[in-house]
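Every number in this text was worked out from the coordinates using simple rules, so none of it is lab data. Keep in mind it's a predicted model, so treat the numbers as computed, not measured. Cβ placement follows ideal geometry from the backbone for every residue including glycine, while neighbour counts extend to all protein chains displayed.
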Amino acid sequence: MLEDLQVGNENKSRQVTLFSLFYAFLKMGSFTFGGGIAMLPLLQVELVEKNNWLDHQEYADCLMVAQSTPGPIVVNLSLVSGYRLLGLKGGLSALLGVILPSFLLLLAIAIFLWQYRENPLAHAAFRGIGPAVVALIAAAAVKLGKNVLFGYRSLLLLVLFLGGLIVFNIHPLYVIIFGGLAGFFLPSAKDGRREE
Amino acid sequence: MLILLWQLFVAYFKIGLFGFGGGYAMLALIEYEIVKVNQWLSITEFIDIIAVAEMTPGPVAINAATVTGYRVAGFAGAAIATLGVIFPSLMIAIPAAKLVSHFYHNPRLHRTLSGLYPAVIALIGAAAVVVGRNAVTDLPGALFAAACLLLLFLTRLHPLIYIGAGAIFGLIFYL
């Protein structure tokens, strides 16, 4: 199966090299704002439409793996698609490309700018950004929830988990573990829209 | 120093290992490990990191790891924390890709993952509550957050616009 994944890219329009892979992910890592998720549509353009390195189905497969394994989605996606194109070295080049910009930029911010957070102008601006950040997170929860939660079992689990996290301060990793166990053991009669 | 680096690595390793569902879902994990348990960052610093992460490219987990690591243990800390958060991906994502056909056809795995949906949404909701408790401190802030929320549901504006509007709102009300 490993061989299957790595062949398949012979009649692609543009040859993929370790450097071109690194560079494609570097561009994505440098110019997409708003977190990793904002990169996904642009990555699709870069990998599928522009360079023809992957077809739509292959990209969808990579994305599915990236979303269903732990860790930042873009990190997983870079590893998986880089691996599919050029093996382990490809995965690592893509990974390096995607994390290097934010690592260096945030390092520069931590070194040179973090101390100015206490400056009155910056402080006032950040205090105003706070409520906007809350709204962005809350909207993400609602929008995502509408798309993936079906049936009252999901809602019951959601309420249980939220209560545990907010009222009882349980460690978030238990929520992940219990969520996985509940999905594994409980019959999924009600939230079956995905299984249909 | 070595112990500190090890603790940084372990904390971010945990965040990577249990970080299902993308950046927003990881916020609750980061807050728990970094602010609550280890107290490497204050809650305001944590909120500022989310704000900066919205303004800069790249995954929020990488951004948070870099800043936390640097603040705790300099350059080595930044590198170790970042390595910690991507390490689980390195171990899991590629082997998982090799099993991609099983991913499609194994209903049990499918069920397990769909069981994670309520967990992921709960984590994002909890992050909104934790950040909200600390970031929304007065009536103008609450009204501004409500206005943003309304726009987020009604329009498809880029997140950067909300950050920019927040900065302007802050400069008007909190200077």
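The HN-Hα couplings worked out from phi for region A:141-156 by the Karplus form 6.51 cos²θ - 1.76 cosθ + 1.60 (θ = phi - 60°) are 4, 5, 5, 5, x, 4, 7, 10, 9, 10, x, 7, 5, 4, 5, 4 Hz, whole numbers, x standing for Gly and Pro.
What whole number of Å gives the distance from the Cα centroid of region A:144-164 to the Cα centroid of region A:69-129? Value for the Cα centre distance between the two parts: 30 Å.
Taking every C-alpha pair closer than 8 Å and separated by at least 6 residues, the mean separation divided by the residue count of chain B gives a relative contact order of 28 percent.
Can you bin region A:117-194 into rounded, prolate or oblate? Criterion: square roots of the alpha carbon gyration tensor eigenvalues sorted a ≥ b ≥ c, rounded for a/c under 1.5, prolate for a/b above b/c, oblate for the rest.
It is prolate, given that a/c is not under 1.5 and a/b is the larger ratio.
Based on other C-beta atoms within 10 Å, arrange A:W53, B:W6 from fewest to most.
Result, fewest neighbours first: B:W6, A:W53.
Between 0 and 90 degrees, the angle of helix B:2-17 with respect to the longest Cα principal axis of chain B falls at about 90 degrees.
With +1 on each Lys and Arg Cβ and -1 on each Asp and Glu Cβ, and nothing else charged, work out how big the dipole of the protein assembly as shown is about its Cα centre, in Debye to the nearest 20.
On the way: 22 positive and 18 negative charges, 64 e Å.
Charge dipole of the protein assembly as shown: 300 debye, to the nearest 20.
Out of every Cα-Cα pair in region B:78-158, what percent are more than 20 Å apart?
Values: 2084 of 3240 pairs.
Counting pairs separated by more than 20 Å, the tail of P(r) holds 64 percent.
So what's the angle, to the nearest 10 degrees on a 0 to 90 scale, between helix B:107-135 and the longest Cα principal axis of chain B? So the inclination is approximately 30 degrees. Shape analysis of region A:52-196 based on the Cα gyration tensor places the equivalent ellipsoid semi-axes at 32, 29, 14 Å, largest first.
Each stretch of four or more DSSP H residues adds -39500 (n - 2.57); spread over every residue of the protein assembly as shown, this sum gives -25000 deg cm²/dmol at 222 nm. Dimensions of the protein assembly as shown along the principal axes, based on C-alpha atoms and rounded to the nearest Å, stand at 60, 48, 46, largest first. Placing pseudo-labels 7 Å out from each Cα toward the beta carbon at A:H56 and A:E118 gives an inter-label distance of 5.5 nm. The fraction of Cα-Cα pairs per 10 angstrom bin, counted from 0 for chain B, comes to 9, 32, 32, 21, 6, 1 percent, rounded to whole percents.
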